[in-house]
Each structure stands twice: as C-alpha cells, then as structure tokens.
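Each value in this text was obtained by applying a stated rule to the coordinates, not by laboratory testing. Predicted model, so just to flag it, every value in this text is computed and none were measured. Neighbour counts run over all protein chains shown; Cβ positions are idealised from the backbone, glycine included.
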Amino acid sequence: MKVSLVLCPFWNVTEPPLSMAILTSHLKGRGNTVYNFNLNLDLYRECRPEYKNAWTGTDVQFWFDESSLKEFIDRHKDAFDACVSKVIGTGSDLICFTVYGMTGPFSVLLSEQIKQRAPEKTVVFGGPECFDRTKALSLLKAGHADYVITGEGDIALPDLAALLESGEKPDSCPGLLFMRDGEPVYTGEPEAVSDLDSLPFPDYSGLIASYDPDTSIPVQSSRGCTNRCVYCNETVLWPGYRYMSGERIFREIEHLHGRLLMNNFVFHDSLINADIRRLSEFCDHMLDYISRGIRGRRPISWGGSAIIRPEFDLQFLKKMRSAGCSFLSYGIESGSQRIVNRMKKNFSIDAAHDVIRDTREAGIRTIANFMFGFPGETEDDFSETIKFLERNRGYLDAVAPMMTFCEVHADTYLGNNLREFDISGEDMHEVFWNTKTGDNDYIKRFDRFESFYNKAGSLGIKVIPDFAESFVSNRIFHMIRYYKHKKDYETALELCRKSISDG
Ligand code: SF4
C-alpha cells in the first residue's frame, strides 16, 4: 500500500522528525511504499520573512488561532496548494498526520483540503494529541480523520494499513477510533511496544536531504519517565517506563553514523540516566567503537536530558565524555528547595550544584532549564533561583528559561488539582492561568522571566534559545495577546497604540 506521512507546522525545524522516521521503518518493513512530507520544514523555508518568527515558539498561540492560520494559508496559497497537490499526487491510499498539540490545528486545515480535493483518500490522525480519547473523538466526529490512533503508532499503523489493503474490517486493530453507521467505534486499549530492543532503526532516508550535515539526528532509547513531576504529562502519555539495552541503542547510532554519515545525535528520551547501568553499557560500546577507529568518518557526539542523581559523579561523567557525550540538559526549574519539592522533582539543590559542577568539569556542555511562577513560588523562592544562577555561574554553559514560564496542562497532576495549588479554575488557560488570590499571573511570571534573563546576561551565562532576546524585547506584543485572552480589549488596544507610537 502507498502511505504518506505528513508533519504540519508547528514543529522543530532544526532536526528531522523522529516519529516519522520510526513509522517509515515500520511501514516499509511490512511492504508498504512510504512518502515523507515534512511540511513543517517546507513551509518554514518558503514562508514570508514576517512569519519566520512564528517558528521560534515565542508565540505558540499563533498556531492555535484559526483566523491567524487561515490568514497564513491565504498569504501562502501557492505553497499550501502545492503541499496538498504533492501529497495527493503520490497516489497514496492512506494519508497519516502526526498530531502534537501545536501541529493539530494546521493538520486539520490541511486534511480538510485533502478531503475536498480527494474525498476517496483515507486520512489517519495519530500522535500524542490523539492519546486523549475525548480529543480523538472530536477530531473524528468533526470529520477531520477517518481513523484516529489513540496510542503509539508502531503497531497500530502498520496493522491498520495491512487490514485496509486486504479489505478486512479494522476492528481487530487495538487503539483505533472510527465511525461506522454514524456511531464511533473504539477497538480497545492501544498496544504499546513492550520490548524497545525489537524496534527497527528509524529510517531517515526520505527526510535527511533537507538538512545540513551537522544537524542533530534524534534517537530514542526509552519511552516514559521514572519520575512523576506534578506539572508533566510524560507518564500520562507514555505507559510505564520502557527502555532499550545499551547495546541496542549503540547499534542504532552505529547504523546511522555508517549509513547517513551523520555524527551528531540527540536523545529524545525524557531522561537518559534513569538506569545508570544501561547508560554505562551504552558508553562501553561507544568507547569500544571509538577505540576501533571510525575510518575517516567524523567523530560522534551525543547528548540529552538528564535528571539530577548522585551516581552522576565526576568519574561517571568523564566516562560519558570519553564516549562522545557533548551536552547534558538538566530540568532544574527552580533554585528553591521548597518549590523543587512542591514540583516532586526528587533532588536536592546541593546535589544539583554538585552534578552541574561535575558535568562541566568532565568537559560536557552543561545546560539547565528553569520555569517561573510555579504555583506557590514567592519572591523569596525566586531569589533562591537567582542565587542558584550566581552559585553555578562558573559551571553553566547555558540556561534555558521556559518562554511560557509555567504551563498548567489538564492531563497533569497540577492540572487535575487546581485547588491544591490555589489556581483559579475560572477562564483556565495553560499559559495565562492565575492563582485565586491574583498574586501569580502572566505579568508576574513575565517579570520573573525578564529578571532571570537579565541576571543570566549580567553573569555571562548564555541564554538559549537565541530568540529569548527578541521574546523579552517584544514584551508588549505578548501582553497584548494576554489582555486579548482576558477580553480586556481596552488595555490591549492601549498597548497596541503605544506599540505603534513607539515604532
Ligand atoms: S519533567 Fe522530566 S523528569 Fe519530570 S516527569 Fe516529566 S519527563 Fe520525567
């Protein structure tokens, strides 16, 4: 069967999409012909200069706002129509969209166009946004998709393709939602891959040509997380914590290094150090590979997200460095022990300092992520975050402050326990939420973000990504969005006027 895999904006444009490469491999392994459409990257490259900023992630609301998206499509009509024609032109029977929160609205608009021009095509939606069955059902009922896969697509998508090709009913494929005789049919709990070692290597062959040779290639050695931070939905989206052996992930990197001649790898795991024994085994394989000589190919580097844990001592980190680890990113989030405890992050601030220091001393680029205005964060707590920056100024290569400050998602412990965290449920919004007392709102969080940004600059610590600077300098624009959301149109208008008069 011919299958098209489509990724719509907005998504990361700096590296090829891992999920598409994995699904391509699964589908090809079952005899399908697969076409990759990385429309996210295509439209980013072709769009007018004033829209490039939308891909920086500083204005995520843009991608959820139907009128903004329709305007974008109108202004890029030729490019959009060409995308639709290219997808239909493959003659694919199955057109599959990977739907994350931010790719959802655009995927819906594109699938509408495909359905209008080629109603005989079967459209499938899958991806994390579809794991929530209520959302999946509304996509289905609105006619945006013929099938929605409500869990991991590794097993369900190739099974669905096989069943449709043989003319059989899809009822035997777990995890599907579809309509029959006007009623939704759910085929039961989706099947998740239990043994990640059994996964095929991701197939980037149809994607890689669009990227330069230094691009980071995503790999994934685990799914899920062993932690339960209250603001995170990782454990809701990915059942259990599953991981590959150190040898299996090494084989994948060896394969990609040999086949694609790519040498930068980034682990898309929630954390790469949940199991130190496995990570150590991976490093042993890498060290052996490096010692055998890489036969003229560029040396491999890799990195990813990690949690603070005492086993991450200087000796172990030096071993990782020798095995090619070039960066580690730690989710510190706050310098206040009280707030870290409230987040249920399971580490001590002193341990975080030690690990950050040792990481840097091992020669690994050290990055720390921070968020602002976690419910309950006081000025004193925020001062602790600033002190943490000062204390670690010599060890941090970069900090990554969250540009939405602190999100409250419905599918997290935080989102399900608003009262416990004194969050007002009225007019609830993931980014623009308020506490009941009003002492923690978007403006307060922006203030703390800005203070943090300035402090990092004064300490000579790089702030990433680079567009954090334009985010801060465009404060007025973000405030206009905030006041529009609050339906305080008078203040929004006043800010618009001010923005125009300021030039
Ligand atoms: S924030 Fe990170 S460590 Fe915490 S649960 Fe989520 S993925 Fe795991």
Contour minus Cα-Cα distance for E426 and K462 (0.36 nm per residue): 9.2 nm
Any lysines whose Cα falls less than 16 Å from that of K498, other than same-chain ones fewer than 8 residues away, would be K484
What FRET efficiency comes out for the pair R277/S138, r = Cβ-Cβ distance, R0 = 45 Å, nearest 0.05? 0.55
Charge-dipole axis of the chain as Lys and Arg at +1 and Asp and Glu at -1 on Cβ define it, positive-most pick from S138, S92, I276: I276
Once you have the alpha carbon radius of gyration of the chain, what is it after dividing by 2.2 N^0.38 Å, with N set to its residue count? 1.00
Cut-off 16 Å (backbone N to label point 7 Å along Cα→Cβ of T226), residues of the range 322-350: 331, 345-348
Listed by chain and number, the lysines with an alpha carbon less than 17 angstrom from that of K462, same-chain partners under 8 positions apart left out, are K387
Per the range 145-196, sqrt(5λ) over the Cα gyration tensor eigenvalues, sorted largest first, in Å, gives 19, 13, 8
Violations at 26 Å Cα threshold for listed pairs K28/K52; K28/K141; K345/K444; K70/K436; K436/K487 -> K28/K52; K28/K141; K70/K436
Spin-label pair D74/D411, simplified geometry with 7 Å Cα→Cβ offset, distance in nm: 3.3
Taking r as the C-beta separation of D380 and D350 and R0 as 22 Å, the FRET efficiency to the nearest 0.05 is 0.75
Any chance you could check the Cα centroid distance between the range 430-503 and the range 317-383 for me, in angstrom? 25
Going 7 Å from the Cα of L163 along its beta-carbon direction, which residues of the range 188-209 have the amide nitrogen within less than 20 Å of the resulting point? 188-194
Over the Cα atoms of the range 212-466 the radius of gyration and the largest Cα-Cα distance (Dmax), both in Å, equal 19.3, 64
Subtract the Cα-Cα distance of E450 and M179 from 0.36 nm times their separation in residues, and report this length gain in nm to one decimal. 92.7 nm
Cysteines of the chain lacking any other cysteine beta carbon under 4.7 Å? C8, C47, C83, C96, C130, C173, C225, C283, C325, C406, C496
With the contact rule set at Cα under 8 Å and sequence spacing of 6 or more, what percent relative contact order holds for the range 212-466? 17
